[in-house]
There are 4 protein chains.
Amino acid sequence: MSVNPHTYKGAFVFPVRVYFEDTDAGGIVYYANYLKYMERARTELSPHVGICHSETFNEGKGFFVVRDINVKYLQPAYLDDLIDVHTHISAMGRVRIEMEQVIRRGEVILAQGHVNLVNVNQERKPAPMDPEFMRLMGDYLKEK
Amino acid sequence: MSVNPHTYKGAFVFPVRVYFEDTDAGGIVYYANYLKYMERARTELSPHVGICHSETFNEGKGFFVVRDINVKYLQPAYLDDLIDVHTHISAMGRVRIEMEQVIRRGEVILAQGHVNLVNVNQERKPAPMDPEFMRLMGDYLKEK
Amino acid sequence: MSVNPHTYKGAFVFPVRVYFEDTDAGGIVYYANYLKYMERARTELSPHVGICHSETFNEGKGFFVVRDINVKYLQPAYLDDLIDVHTHISAMGRVRIEMEQVIRRGEVILAQGHVNLVNVNQERKPAPMDPEFMRLMGDYLKEK
Amino acid sequence: MSVNPHTYKGAFVFPVRVYFEDTDAGGIVYYANYLKYMERARTELSPHVGICHSETFNEGKGFFVVRDINVKYLQPAYLDDLIDVHTHISAMGRVRIEMEQVIRRGEVILAQGHVNLVNVNQERKPAPMDPEFMRLMGDYLKEK
């Protein structure tokens, strides 16, 4: 099992280690922290396909905000687990991206997330994505 | 505006202050942190209706886990904002509770959450809720 | 015991409830989260003495950054605990403030913090504090 | 620059990426989150020298708690930064370990931490460390 980000069956796979900070008194990963894992994976997806995230953010080309999110919690994750976030782009328009993000420990599915992202400008208004971003993301989706 | 938890139009209203810890480099509350606010409100709902949360947790009577959650993000919350989590119980069975949780700043709706909770025993298997819990929660729902 | 912020024996007392989000798999409050509690208390100290925090932050009058912090962990805090952060100002200069922050559960001291804060301008360079801030803070210290 | 944990000049070097979750409305890493980075590095130090952390935790052989911590904040870290936590063991007794943890971005020192850890048993009382742990950690310190 690789501990580095990679592509597997059309998904971007981002490994995450569970630390004490992630767990709660129930002995498992606190439910809000899956959203952190999912956001880390989305952030790493961009450089993985050749896009520099912070450049985009700083140059004022716009950025993505989460419009809505759905997470189903199936199995808990525990301290020290090495888990993977599998991210698929399920739909892409000019201003929005829809992603499926599945969190797994080996073959076991722990959580299933569905995220709608909207590209916004510096005033947080929906705006068309950077064409270069769309081209690189599109190439990644085709070649997978 | 009251800064203490109270009941308003049939919802349990729990006020939250936005601190630096809650915000991100975008200048707004980080999207996962709304789930913390919602969990705080759900936690405070129990003592508000006369149920001692930690007793339940420690006495092994079972506890609630989030089965799935949906959050729509409508408007951002900012540093120092005083916001409210409005929690409605929309459905209640023997093992599960369904809640609507709306986060507002004054009259403005910032986020809308829908949460499914399942009562589980110490082995994390679905189990009927404590009857006393159901009775107190039912009384609260009726009187509102 | 009051659950609202108040002044007691010359300290600003800020009550904090321990939620699931604060705990870890060891069943206690995660050690970094004491720094969140301490920062919440420092943030609430300003409005308590009549200073509007976000105004200061937004108007570019400068803000405080933590230069260094020391925390001694004496006793753990548990889920659902109602604890207090007692904040004393131990020294104040033109650009810096030194605070003692003690976290207690009733009479039991859980943690002792010592924090050095520096007032900085928008370029994050040390700068004299707002005179109005110093006056109000000084008045609070004298009257206690 | 390696993005995998490694040993460099006698220190265990653990790389960390700064994500949105780590930053605050000031545009920089929130001060408490450095303690998360430091704890991640301490956690990864054990498997790096051949010790299985969760086994130790689960088998009831005892575990480490932070007795006190000091952090000096010198330079801020920003979104998307790739930073390193350099961990040195500065002293080791039968029940306690003292560590220096320096957080750097390339050659720039961002924060300097000093941590005292105590090994405790299941009742959270100080207890001698597992001899195998001490041997493996001692070997690592000698060979570096």
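The values are calculated or read from the model by the stated rules, or taken from the named source; none is laboratory data. Predicted model, so just to flag it, every value in this text is computed and none were measured. Methodologically, a virtual Cβ is constructed for each residue, glycine included, from the backbone with ideal geometry; neighbour enumeration extends over all protein chains shown. Only protein heavy atoms, including side chains, enter the accessible area calculation; ligands, DNA and RNA are left aside. Shrake-Rupley method; radii C 1.70, N 1.55, O 1.52, S 1.80 Å.
Condition check for residue D:83 on (1) of a type in the set (A, V, I, L, M, F, W, C); (2) in a strand (DSSP E or B); (3) within 13 Å of the chain's Cα centre (by Cα): one failure, at (3). Counting only residues that are closer than 20 Å to residue D:67 by Cα and either free of Cβ contacts under 8 Å to residues at least 12 places away in the same chain or of a type outside the set (S, T, N, Q) (or both), the stretch D:104-137 holds 18 of them.
Out of curiosity, is residue A:93 touching a residue at least 24 places away in the same chain (Cβ under 8 Å), open to solvent by less than 60 Å² (accessible area, probe 1.4 Å) and among the small types (Gly, Ala, Ser)? Before the answer, list the steps.
On the way: touching a residue at least 24 places away in the same chain (Cβ under 8 Å): no; open to solvent by less than 60 Å² (accessible area, probe 1.4 Å): yes; among the small types (Gly, Ala, Ser): yes.
Taking the combined requirement at face value, the residue does not satisfy it.
Looking across the stretch B:9-22, the residues that are open to solvent by 10 Å² or more (accessible area, probe 1.4 Å) and on the phi < 0 side of the Ramachandran plot come down to B:14, B:15, B:17, B:19, B:20, B:21. Restricted to the stretch D:55-67, and to residues there that are closer than 25 Å to residue C:115 by Cα and open to solvent by 30 Å² or more (accessible area, probe 1.4 Å), the residue that is modelled with the highest pLDDT is D:67.
Checking the stated criteria, residue C:32 turns out not to satisfy the condition of being within 14 Å of chain D (Cβ to nearest Cβ), open to solvent by 20 Å² or more (accessible area, probe 1.4 Å) and either without any contact (Cβ under 8 Å) to a residue 40 or more places away in the chain or more than 17 Å from the chain's Cα centre (by Cα) (or both). Scanning the stretch C:128-143 for residues that are open to solvent by less than 40 Å² (accessible area, probe 1.4 Å), closer than 15 Å to residue C:14 by Cα and either modelled with pLDDT under 90 or within 15 Å of the chain's Cα centre (by Cα) (or both) turns up nothing. With respect to the conditions (1) part of a strand (DSSP E or B); (2) out of contact with any Gly (no Cβ under 7 Å at 6 or more places or on another chain); (3) within 13 Å of chain A (Cβ to nearest Cβ), residue B:69 falls short on a single one, namely (2). Selection of the stretch C:96-127 for residues being open to solvent by 30 Å² or more (accessible area, probe 1.4 Å), of a type outside the set (Asp, Glu) and within 25 Å of residue C:61 (Cβ to Cβ) yields C:96, C:121, C:122, C:124, C:125, C:126.
Of these, A:41, A:25, which one is buried (at least 20 other Cβ atoms within 10 Å of the Cβ), without any contact (Cβ under 8 Å) to a residue 12 or more places away in the chain and either assigned to a loop (DSSP other than H, G, I, E, B) or within 14 Å of chain B (Cβ to nearest Cβ) (or both)? Let's see the steps before the verdict.
Working: A:41 fails: without any contact (Cβ under 8 Å) to a residue 12 or more places away in the chain.
Of A:41, A:25, the one residue that is buried (at least 20 other Cβ atoms within 10 Å of the Cβ), without any contact (Cβ under 8 Å) to a residue 12 or more places away in the chain and either assigned to a loop (DSSP other than H, G, I, E, B) or within 14 Å of chain B (Cβ to nearest Cβ) (or both) is A:25.
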